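All of the numbers you see were taken from the coordinates with simple rules; none came from a lab. Keep in mind that what you see is a predicted model, and the values were worked out from it rather than measured. Positions of Cβ are backbone-derived with ideal geometry, glycine not excepted, and every protein chain shown enters the neighbour counts.
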Amino acid sequence: MSQATESDERLLIEAAQNDPSRFAELYEQNFNRVYAYVARRVRERAEIQDLTAHVFHQALANLGKFKWRGSPFAAWLYRIASNAIADRARQKTREANTQSDPVSESSTAMDLEAVERRARLFTAVDKLPEDQRRVIVMRFADEKSIREIAEELGRSEGAVKQLQFRALENLRNRLNEK
């Protein structure tokens, strides 16, 4: 995110915190990203739509608690989405367990393990140094190319590749120690 875009986003967030009707601009800027993020993790269209709506509802409800830390606003929305997806998976697991049969219990356990792995991954990404976290979010959540990231960050493609490499190594180490 360029310096100008970053400060524009920060001003827009502050405006929405003071006047919730300004949240519509943040919604418009981030809807497609959040929808795509959820769609890559959830299969059913109705559930994708419900979760996306939930993310923006939660974001609006908690906007006053949002603190600017230099990360894109979308990163905060992705965290909300990640938590909502994990909550939905846990809810489905509980519902399935009330109607349990041996086959669904083992598949539910595997689904729960996958959700827990994703949750650990998101937590580990949040703990990365800022520049590494931004590259990982842009590369894998926003699905941008190395060239696009380099242009947006004002760095060489080699520098972005190095940041990505370090971030992935850092994530591997953090996830393997648990």
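Considering all different alpha carbon pairs of the stretch 1-100, the Kirkwood hydrodynamic radius works out to 14.5 Å. Rounded to whole numbers, the Karplus 3J(HN,Hα) couplings from phi for the stretch 127-144 are 8, 5, x, 3, 5, 5, 4, 4, 5, 5, 5, 5, 6, 9, 8, 7, 6, 8 Hz, using 6.51 cos²θ - 1.76 cosθ + 1.60 with θ = phi - 60°, and x at Gly and Pro.
Any idea what the alpha-carbon Rg over 2.2 N^0.38 Å comes to for the chain? Please report the intermediate quantities before stating the final value.
Details: Rg = 17.9 Å, N = 178, 2.2 N^0.38 = 15.8 Å.
Rg over 2.2 N^0.38 Å, computed on Cα atoms: 1.13.
Counting only alpha carbon atoms, the long axis of helix 45-61 and the longest principal axis of the chain meet at about 50°. For the chain, the longest stretch holding no GluC sites (Glu not before Pro) located in a DSSP loop with at most 14 other Cβ atoms within 10 Å is which? Free of exposed loop sites, the longest segment is 45-142. With a simple spin-label model that places each label point 7 Å from the Cα along the Cα-to-Cβ direction, the separation between Arg147 and Asn32 comes to 1.9 nm.
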